[in-house]
Each structure stands twice: as C-alpha cells, then as structure tokens.
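Visitor: I'd like to ask you about the structure that follows.
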Amino acid sequence: MVTRRGLLAASALAVLAGCAEDEEAEPASPSSALLGSLAAERALSAATSSGRPVVRDVSARARERAGRLAAAVSLVGGRPHDAPEPASGDTSPGEIVARGRGALAAHVAALPSLEGRELRTLAADMVAGAAADAAVLADTFDLAAADAFPGTPQ
Amino acid sequence: MTGDPTPEGLVARRDPAPGRRLVARRDPAPGRRLVARREILLAAAGAALARPSAAVAAADQDPEVLLRLVTREDAAALAYREAAPEPLPGVAAEEADHGKALRTHLDAVGRRAPAPALDAPARRLAEAPQDERLEAAIALEASLVEDYAAAVPALTEPGVLQTVATILASHAQHHARLRTLAGLDPFG
C-alpha cells in the first residue's frame, strides 16, 4: 500500500535526484583546459621535428597551433610556460601517432571549458587541424585504425 | 485531540488510530495560513520542473543546430552509397554512425530528424561521373568541416558539443585522406 508518507519521501528523492543531475563535475577552468591543449601540441611538435617531410610538416603545423594556444592562455590570464615544452628527440612511430591522437583528444576534452565565440572558434580550428595531422601520421606509419569519432575523451 | 502550531501555520495532530498518518487542519488563529500537503507536493513537483538545468537550457538552444547537422550527415551517407565504390573504405558507414549519434541527442530533447535527402554538395558527389568523384568527395567533406566548425560556437550542452567535435574531427580526417588519394597536399 502506498502511504502519503511514502509519496512524500519519493517526491523528495526525485527532487534530490534532479538536483544531483545538475551537480556534474565542474569543467576545468579555461586556462587549465587550454594549457592541456598547449602541452599536447608542444609534445606533438617535438616528436615530429625530424623524419619524413610530411612528418616535419605536422611539426610545423603543431608549432603554429601551439603559438595560437599560448596567446589564448595569456588572454584568459594563464601562463603559457606552465605547459611543458619537451625537447626534440628520437620518437618511435607508435609514440608519434599516439601524440597526434593525444593532441586531438586534448582539444575535444577542452571544449566544454571554453565559452564565447573566439575561444570556441579557436577550439574548432584546433580539432580540425589536429585531426588531419593524426590521420596523416597514422597513414604515414601504417597505423591507421577505423574510428568514426576520433578524439573521443577516454 | 491535541495540536501544535508549526511556524508555517500548519497544525499537526496525530490521527487517533495508532501508526496512521499525520494530517493538517486549519489553524484557528486568525491570519494563519493553511499549507496543505497537496500544496507542498505540488510545490515540490513545480520546483523539480522549474529547476535550472543545463539539459533543459540546452534543449532550447541545441536542437536546431543538431537538425541541420543530421540532415547534412544523412545526405553525405546517401551520396557515398550512391557513388559506390566509396573512395575511402567504410566512409559511408561512418557517416551513418555520425547520423545515429546526432539522432540520439535529438531524441533526448524530443525532436525527430527529417527523412534523408541529398543536399547540393551530396548530390554533386552522387551524380558525379567516375573521374570527378574524388573531387566531389573532397568538396563534400570540406563543406562538412566548415559546417561542423561553425556549429561548435553555437552549442551549449557538453555531451552534444563533444559528439559534434569528434564528428568534425572525422570529417577533417576524411578530407585529408581524400586529398592524399587525389595526390594533393593533405593539409590544403
């Protein structure tokens, strides 16, 4: 038998459950989200700084994206030098491809933290550019894998 | 029967039968307001419905963008199927997967996508002679990249945003791979 007390308790639980839905994990600050993207691009640029011309093209593109991201970090009050800048060196094909995919995933993960047309447009450019680089690197090293949703946060 | 006035003007009394429910009666003091349980329940339900919610807010802003994208995605899938053999293995299936993912978000806000139909860039691919298909596919993917990139600033709900971003990434990859197939700079 459903009592009135039971109904009240159920209503209260429903309201509380509704509130809990709103209490999703807070997104990272714009500064830390952009720093994550910047670190990933710097890592990619370092890993691709030598080798075949197409790989070095990726390095230049990653460096260009890193420059835009560093400016954006400054714009939102962060410090671009907080993102590590790894030294160039010998990197295995598997690691190069992983860094390409990592940069793309970092940009996708950053998106919910970025508000406003300027930052969102920057993020869309980052996603499209890093995605193309990740595909070219994977094809270059024969490590391509079918994925309809590349960059999905793990 | 005994009763204790509450601060809200409710007067509670124990029902004579043991273990029974509490009931409310009107406070005899003038100016006191009765708040019946029914009103409390209604207020709780109203609060639940009226609560500020990112999902509810997104429901107001994202569906039109999603509808436009799913229409484009369906058109692309249709074009790749009609222009078989597909220039990239599995590309038609990937476009279909994109459409399904976008439909899931649309379903969540109670909207339905229209039936698939070719749009101009997709029709160009579907009707292209064999020697022009690659060029038409490159143009189709470029237009998809452009539309998805333009959608990103307009979206609010984080889950929708990330789905759209990964589909943008997928089209950017198709574009680069098709350009490579055509002997062009993949990043052009």
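Visitor: Ranking A:ARG56, A:ARG68, A:ARG99 by Cβ neighbours within 10 Å, fewest first, what do you get? Mind showing how you got there, number by number?
Guide: Working: A:ARG56 13, A:ARG68 16, A:ARG99 26.
Fewest-to-most ranking of A:ARG56, A:ARG68, A:ARG99: A:ARG56, A:ARG68, A:ARG99.
Visitor: Let me confirm one metric for peptide A:130-138, namely the mean number of other chain beta-carbon atoms within 10 Å of its residues' beta-carbons.
Guide: Working: counts 2, 12, 12, 5, 4, 10, 7, 0, 2.
Averaged over the peptide's residues, the number is 6.
Visitor: For the stretch A:26-154, build the charge dipole from Cβ charges (+1 Lys, Arg; -1 Asp, Glu) around the Cα centre, then report which of A:THR121, A:ALA28, A:PRO153 sits farthest towards its positive end.
Guide: Working it through, the farthest residue towards the positive pole turns out to be A:THR121.
Visitor: Another question, if that's okay. About the Cα centre of the stretch A:87-134, how large is the charge dipole given +1 on each Lys and Arg Cβ and -1 on each Asp and Glu Cβ? Please answer in debye to the nearest 20. List each step's numbers first, then the result.
Guide: Numbers: 4 positive and 6 negative charges, 27 e Å.
Dipole about the Cα centre, nearest 20: 120 debye.
Visitor: One-quarter of the Cα convex hull surface for the stretch A:30-140, in nm²?
Guide: Values: hull surface 23.4 nm².
Mean shadow area of the hull around the Cα atoms is 5.8 nm².
Visitor: Which one of B:PRO153, B:GLY99, B:THR180 has its Cα pushed farthest toward the positive end of the charge dipole of the stretch B:54-181, where Lys and Arg give +1 and Asp and Glu give -1 at the Cβ?
Guide: With unit charges placed on the Cβ atoms, the residue in question is B:GLY99.
Visitor: With all distinct Cα pairs included, what does the Kirkwood hydrodynamic radius of the stretch B:54-181 come out to in Å, to one decimal, could you say? Don't jump to the answer; show the numbers that get you there.
Guide: Values: mean 1/r = 0.0682 Å⁻¹.
Evaluated over the stretch B:54-181, this radius sits at 14.7 Å.
Visitor: Just counting partner chain Cβ atoms within 10 Å, what average do the residues of peptide B:157-164 show around their Cβ?
Guide: On the way: counts 1, 6, 2, 1, 6, 8, 3, 4.
For peptide B:157-164, the averaged partner shielding equals 4.
Visitor: Sticking with this one: Quantify how strongly other chains surround peptide A:121-128 by giving the mean number of their Cβ atoms within 10 Å of each of its Cβ atoms.
Guide: Numbers: counts 4, 2, 6, 11, 2, 1, 11, 13.
Shielding by partners across A:121-128 averages 6.
Visitor: Would you mind counting up the charge near B:LEU118? Only other residues with Cβ under 13 Å from its Cβ, with Lys and Arg at +1 and Asp and Glu at -1.
Guide: Charge balance in the 13 Å sphere: -2.
Visitor: ³J(HN,Hα) across the stretch A:87-99 via Karplus (A = 6.51, B = -1.76, C = 1.60, θ = phi - 60°), whole Hz, x for Gly/Pro?
Guide: Each residue's phi maps through the Karplus curve to give 6, 5, x, 5, 10, 5, x, x, 6, 4, 5, 5, 5 Hz.
Visitor: Starting from the Cα of B:LEU67, step 7 Å along the direction of its Cβ; do the same at A:ALA28; then give the gap between the two resulting points in nm.
Guide: 3.6 nm
Visitor: At B:ALA93 and A:ALA146, where each label point lies 7 Å from the Cα along Cα→Cβ, what is the point-to-point distance in nanometres?
Guide: 0.2 nm
Visitor: Relative to the Cα centre, what is the charge dipole magnitude of the stretch B:100-188, using +1 at the beta carbon of each Lys and Arg, -1 at the beta carbon of each Asp and Glu, and rounding to the nearest 20 debye?
Guide: On the way: 9 positive and 11 negative charges, 69 e Å.
So the dipole magnitude of the stretch B:100-188 works out to roughly 340 debye.
Visitor: For B:ALA120 and B:LEU184, what is the calculated FRET efficiency with R₀ set at 22 Å and r taken between the beta-carbons, to the nearest 0.05? Write out the running numbers ahead of the final one.
Guide: On the way: r = 22 Å, r/R0 = 1.01.
With a Förster radius of 22 Å, E is 0.50.
Visitor: How large is the charge dipole for the stretch A:19-154, taken about the Cα centre, if only the Cβ atoms of Lys, Arg (+1) and Asp, Glu (-1) carry charge, to the nearest 20 debye?
Guide: Details: 12 positive and 19 negative charges, 135 e Å.
So the magnitude is around 640 debye.
Only the coordinates and a few stated rules stand behind these numbers; no lab work does. Owing to the predicted nature of the structure, the values given are computational and were not obtained by experimental measurement. Note: ideal-geometry Cβ built from the backbone for every residue, glycine included; neighbour counts use all protein chains shown.
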